[in-house]
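Below: one structure, written as structure tokens.
The values are calculated or read from the model by the stated rules, or taken from the named source; none is laboratory data. Note that this is a predicted model, so its numbers are computed, not measured. Note that each Cβ is placed from the backbone with ideal geometry, even for glycine, and that neighbours are counted across all protein chains shown. What goes into the accessible areas is simple: the full protein's heavy atoms, side chains included, and nothing from ligands, DNA or RNA. Shrake-Rupley method; radii C 1.70, N 1.55, O 1.52, S 1.80 Å.
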Amino acid sequence: MLRLSHINKSFNVGTVDEKQLFTDFNLEISKGEFVSVIGSNGSGKTTMLNIISGDIKPDGGDVFLSGDNITKMANYKRARRISRVFQNPSNGTCPTMTILENMSIADNKGKSFNLTKGLNNKRKDFYRSRLETLGMGLENRLGTLTGSLSGGQRQALALIMATLAKPDILLLDEHTAALDPKSADIVMRLTDEVVKENEITTVMITHNLRYAVEYGTRTIMMHEGNAIMDVSGNEKSEKTTNDYLKIFNEISIECGN
């Protein structure tokens, strides 16, 4: 499904701050996997996500999606196949547009509007049914401006919008980090339900070790541009937050902290 092949990436090349982050980095993610990616700041988590989405180009290597080499494909073209939910709830929705308008735009992602109406009233019942799964009452507020919603509501809406067009892969960029604990737990539970229901291949960056333990089918720990741990199946199910914390502490000591 997704393959990063021999990826190289450096930053601040030619300066005293030059840093080689990825050196011959390889990663394969199978169709239907829900992968949690954890690691310290600067470990390469977000850079990896940006290389997948096309926001950052690798210095060397290739990115394959469903067998297609998308390394040189512009990120706006990749967006037809890749959906992303960001850390900031305001990045996934337009605050001056209604819930209906936001969902209509997401529903038509990658399609040609031509001279047809952007809003399809016939899809209202479908939008209501999708919003109803959130359990937040948003299905009765299609005419509400998105900017008036709480952070948790906007992030839950962004999650539904990101999956309307059935992407090949869903990228979750610390999508619960800006929420209060209760809202974060609700959005995480909804994420798990949406991913499972739609069988969407998903890569989620998170600093919440409990989420990495409780959710997903695979967990990868990044450190200095390398995957130092990659567990799935029974091995993943046996891991606890303390297991992950132990490795974090060992890394911290090695780095002189």
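Points to keep in mind about this one:
- If you check LYS57, LYS77, LYS109, LYS31 for being open to solvent by 40 Å² or more (accessible area, probe 1.4 Å) and more than 19 Å from THR201 (Cα to Cα), only one passes: LYS57.
- Within the range 18-29, residues that are within 14 Å of MET222 (Cα to Cα) have Cβ atoms under 8 Å from residues that are of a type in the set (Ser, Thr, Tyr) and modelled with pLDDT of 95 or more in these pairs: LEU21/SER10; LEU21/THR47; PHE22/THR47; ASN26/SER5, counting only partners at least 6 apart in sequence or on another chain.
- Looking across the range 219-257 at every residue that is acidic (Asp, Glu) and under 21 Å from the mean Cα position of the chain (by Cα), the one that is modelled with the lowest pLDDT is identified as GLU224.
- No other residue among ASP62, ASP68 is touching a residue at least 24 places away in the same chain (Cβ under 8 Å), open to solvent by 20 Å² or more (accessible area, probe 1.4 Å), more than 21 Å from ILE205 (Cβ to Cβ) and among the charged types (D, E, K, R) apart from ASP62.
- The numbered conditions (1) of a type outside the set (Asp, Glu); (2) at pLDDT below 95; (3) open to solvent by less than 40 Å² (accessible area, probe 1.4 Å) are all true for LYS182 except (3).
- The listed residue being hydrophobic (A, V, I, L, M, F, W, C) and in a helix (DSSP H, G or I), out of ALA158, ALA178: ALA158
- Selection of first residues in the range 88-100 that are more than 15 Å from GLY143 (Cβ to Cβ) and in contact (Cβ under 8 Å) with a residue 24 or more places away in the chain and of second residues that are in a loop (DSSP other than H, G, I, E, B) and small (Gly, Ala, Ser), restricted to Cβ pairs under 6 Å at least 6 apart or on distinct chains, gives the following pairs, ordered by first then second residue: ASN88/ALA178.
- Qualifying residue in the range 208-218 (condition: open to solvent by 50 Å² or more (accessible area, probe 1.4 Å), hydroxyl-bearing (Ser, Thr, Tyr) and at pLDDT 95 or above): yes
- If you go through the range 123-146 and keep only what is more than 23 Å from ARG189 (Cα to Cα) and loosely packed, with under 13 Cβ neighbours inside 10 Å, you end up with ASP125, GLY143.
- Given (1) part of a helix (DSSP H, G or I); (2) in contact (Cβ under 8 Å) with a residue 40 or more places away in the chain; (3) open to solvent by 60 Å² or more (accessible area, probe 1.4 Å); (4) not hydroxyl-bearing (Ser, Thr, Tyr), number of the condition PHE248 does not satisfy: (3)
- The strands (runs of 3 or more DSSP E) located wholly in the range 1-86 that include 2 or more residues which are polar (S, T, N, Q) occupy 2-11, 19-29.
- Only one entry in LEU145, LEU134, LEU164 is modelled with pLDDT of 95 or more, over 24 Å from GLY39 (Cβ atoms) and of a type outside the set (Lys, Arg), namely LEU145.
- Pair list, Cβ < 6 Å and 6+ apart or interchain, from the range 220-237 residues that are surrounded by 14 or more Cβ atoms within 10 Å (Cβ to Cβ) to residues that are part of a helix (DSSP H, G or I) and among the aliphatic types (A, V, I, L, M): HIS223/ILE251
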